[in-house]
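To start, the structure itself, in structure tokens.
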Amino acid sequence: MLSHFARALRLHCPHCGGGPIFTSWSRLLPACPVCGLGLERDQGYWVGAYFFNLMAMEVAFVVWFVGFLLATWPDPPWGLFQAITILLMVVVPFVFFPFSKTLFLAFDLLVRPPEAGDFAAPREPARRLPRSSPRDAS
Ligand SMILES: [Zn+2]
């Protein structure tokens with residue numbers, strides 16, 4: 001169970017640990033290149049990831065708000081608080097974006113284990129195996 005989340009935190013496939021599953025910071029492959037698990041499991045699937053990202057932003061805000069007040073009370077500099085809060089609310093969703101997707105996928109795989117229909121044919125051979133082309137067989 002924890003291994004799913006450990007793999008997700010490394011931005012690898014939560015199911016098999018294969019990867020990379022991102023082509024850039026924000027672009028996810030349609031399926032894991034190693035196990036073939038479809039990474040968008042339903043239509044509108046990433047609403048759950050947006051929810052995870054929103055929760056991360058709210059946790060970051062609460063930690064920042066409480067920490068700032070504890071550190072500066074009784075005379076908090078509100079201008080500084082506003083400026084850093086705006087910066088934080090822009091940076092956190094961007095930094096957390098790929099993690100929200102992999103962590104939501106890890107959570108979803110625990111709640112709803114993958115079935116045979118969730119797997120596409122792998123597009124790349126596993127890196128440890130010797131390369132063989134399917135064209136050689138014909
Ligand atoms: Zn995989």
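Just so you know, all these numbers are worked out from the coordinates, no wet-lab data involved. All values reported here derive from a predicted model rather than from experimental measurement. Cβ sites come from the backbone with ideal geometry, for glycine too, and all protein chains shown count toward neighbours.
Assuming R0 = 30 Å, can you tell me the calculated FRET efficiency for the pair residue 16 and residue 94, based on Cβ-Cβ distance, to the nearest 0.05? Don't jump to the answer; show the numbers that get you there.
Working: r = 27 Å, r/R0 = 0.91.
With a Förster radius of 30 Å, E is 0.65.
Couplings for region 93-108, taken from phi via the Karplus curve 6.51 cos²θ - 1.76 cosθ + 1.60 with θ = phi - 60°, read x, 5, 5, 7, 3, x, 5, 4, 5, 5, 5, 5, 4, 4, 4, 5 Hz in order; Gly and Pro are left as x.
Remark: relative contact order (the chain) = 36 percent; criterion is Cα-Cα distance under 8 angstrom and separation of 6 or more residues.
The radius of gyration of the Cα set in region 2-126, together with its Dmax, comes out at 18.1, 61 angstrom.
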